[in-house]
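This report concerns only the one structure given below.
The values are calculated or read from the model by the stated rules, or taken from the named source; none is laboratory data. Treat the numbers as computed from the prediction; the structure is a model and nothing was measured. Here the Cβ positions follow ideal geometry from the backbone for every residue, glycine too, while neighbour counts run over all protein chains shown.
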Amino acid sequence: MVGSKTSQRNGYLFVLEGIDGAGKTCVCDLVTEELMNSGYSVIRLREPTSESEWGKEIRERSPRGELSPSEELELFIRDREWHVQNRINPALENGSIVMLDRYFFATGAYQTVSTGIPWKDILRRNREEIHAPEPDIIFILDLPVSEGLKRAGARKGSTNLQFETEQRLIGVRQAYLEMAKDDIGNYIVIDAKAPLASIVESVKVKITTHIAEKTNKKGF
């Protein structure tokens, strides 16, 4: 069984993905703010969570490089299962817009590099084992690895021994682009080198247009 179909739920799920330094968190924050200012009911979430025991372990141990690839993969899936059951699905059932900073596509992109498991298999586990709901749109903020590392390095206390290495991020970026081409999800790739304001506006317009189109279809 694949995660919930977008046409069968009340709310909307939009995901921001990309390599470290691509600007996911900033764009997610700003789009959330603009949507709320426009009168939409929005729930802002991120993964790994800071609530479940698995998410807390990832946040504590992963930056120090303490987790093996297989341990990390299992922790992400368990954290996501909690997240889906306790935060994402309830928000969708209530008709809210969920803005999500990283989702199972990030696990697929990063863990395929570290474990050698094909990203298609990792995505399948999330869809079939924990019934992770399918996003309405997955936005991939695409950025050259050299620029991503430069941006990430400029952030205080941002060094992550697990994630922020050039060779790893080259593989992660490639996996994201392969997903956008070959996966069943609804992907939009955005040039993350563009000015922040234009990226935020582009994401917001695509979201509001999607919602309007879905609303019109439901009206018939």
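Summary table
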read-out: Per-region count, segment 69-127, residues out of contact with any helix residue (DSSP H, G or I) (no Cβ under 7 Å at 6 or more places or on another chain), closer than 21 Å to residue 166 by Cα and aliphatic (A, V, I, L, M); value: 1
read-out: Residue match in segment 107-127 (condition: hydroxyl-bearing (Ser, Thr, Tyr), in contact (Cβ under 8 Å) with a residue 24 or more places away in the chain and closer than 19 Å to residue 30 by Cα); value: no
read-out: Residue tally, condition touching a Lys or Arg at 6+ places or on another chain (Cβ under 8 Å) and without any contact (Cβ under 8 Å) to a residue 24 or more places away in the chain, over segment 11-43; value: 1
read-out: Residue that is modelled with the highest pLDDT [pool: residues in segment 152-170 that are surrounded by 18 or more Cβ atoms within 10 Å (Cβ to Cβ) and not polar (S, T, N, Q)]; value: 169
read-out: Selection count, segment 83-114, where residues are at pLDDT 95 or above and surrounded by fewer than 19 Cβ atoms within 10 Å (Cβ to Cβ); value: 8
read-out: Test: residue 173 is under 19 Å from the mean Cα position of the chain (by Cα), modelled with pLDDT under 95 and either part of a loop (DSSP other than H, G, I, E, B) or surrounded by 15 or more Cβ atoms within 10 Å (Cβ to Cβ) (or both); value: no
read-out: Qualifying positions in segment 179-204 - assigned to a helix (DSSP H, G or I) and surrounded by 16 or more Cβ atoms within 10 Å (Cβ to Cβ); value: 179, 180, 199, 200, 202, 203, 204
read-out: Count of segment 113-136 residues which are part of a loop (DSSP other than H, G, I, E, B) and of a type in the set (A, V, I, L, M); value: 3
read-out: Subset of segment 171-220 (residues that are among the aromatic types (Phe, Trp, Tyr) and touching an Asp or Glu at 6+ places or on another chain (Cβ under 8 Å)); value: 176
